[in-house]
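Just so it is clear, none of the values below were taken in a lab; they were calculated from the coordinates. Note that this is a predicted model, so its numbers are computed, not measured. Don't worry about glycine lacking a Cβ; one is built from the backbone with ideal geometry, like all the others, and counts go over all protein chains shown.
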Amino acid sequence: MFLDISRSRSRDAARAARTLAPGIQVIGFGMTSEDEGLAGAEAGVTAFVNHDGTIEDLNRAAIRVLSGLPVCPPQLTTRLLQRVAQLAGRGRPDADSHLTRREREIAVLVEEGLSNKEIACTLNISPATVKNHVHMILDKLNLPRRRMIMLETGVHGPRTALQRPRVQIQSRPAA
């Protein structure tokens, strides 16, 4: 089965396929980052072809996978080994340890209860960019809903209303 793993819905499809047919081999193509590859591996993808891969690369991956051999770019292999070491060392990794700096910033603001528009104004980025980051956070943490981010990341731990930092919303000048 071939899936574009740059899309979160494809990773959901890989999980579903592996549940329905545990022996199925899933070849992920379109990988643009190790984060996507890691999310794909967690979804059950058994072979990876980068976003610049060719049809021949896909053919080679299929032949290797059908022979029982994995296909994994070296950078992703490094990331996977780091993840395994992390899991083995602590039992459970820090929830936000594989989020980027910007994703952690956005997770904190989601935890504060801000909307995408409010986060966009706070960070001076577009609401569409915030939406993309939130989707990546949900994918990386394997969470179905936005409101679960605060439960999973626990970036600040429990807070009372007095401890919550105030976020100043700045409106953008009209263009």
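Observations, loosely collected:
- Potential lengthening of the chain between Thr129 and Gln86 amounts to 12.5 nm, from the contour at 0.36 nm per residue minus the alpha-carbon distance.
- Extension gain, Arg101-Asp57: 0.36 nm per intervening residue step, less the Cα-Cα distance, totals 12.6 nm.
- Residue-wise HN-Hα couplings along segment 101-115, as the Karplus relation 6.51 cos²θ - 1.76 cosθ + 1.60 with θ = phi - 60° gives them from phi, are 4, 5, 5, 5, 4, 5, 4, 4, 5, 4, 4, 6, x, 6, 7 Hz; Gly and Pro carry x.
- Amide hydrogen proximity for Cys72: with H placed 1.01 Å from N in the peptide plane, the residues at 5 or more positions away or on another chain lying under 5 Å are Phe48.
- Other residues within the sphere of radius under 9 Å centred on the Cβ of Arg79, judged by their own Cβ, net out at -1 (K and R +1, D and E -1).
- Residue-count net charge about Asp35 - beta-carbon cut-off 9 Å; Lys, Arg +1, Asp, Glu -1: -1
- With each label modelled as a point 7 angstrom along the Cα→C-beta vector, the Gln75-Met1 pair spans 2.7 nm.
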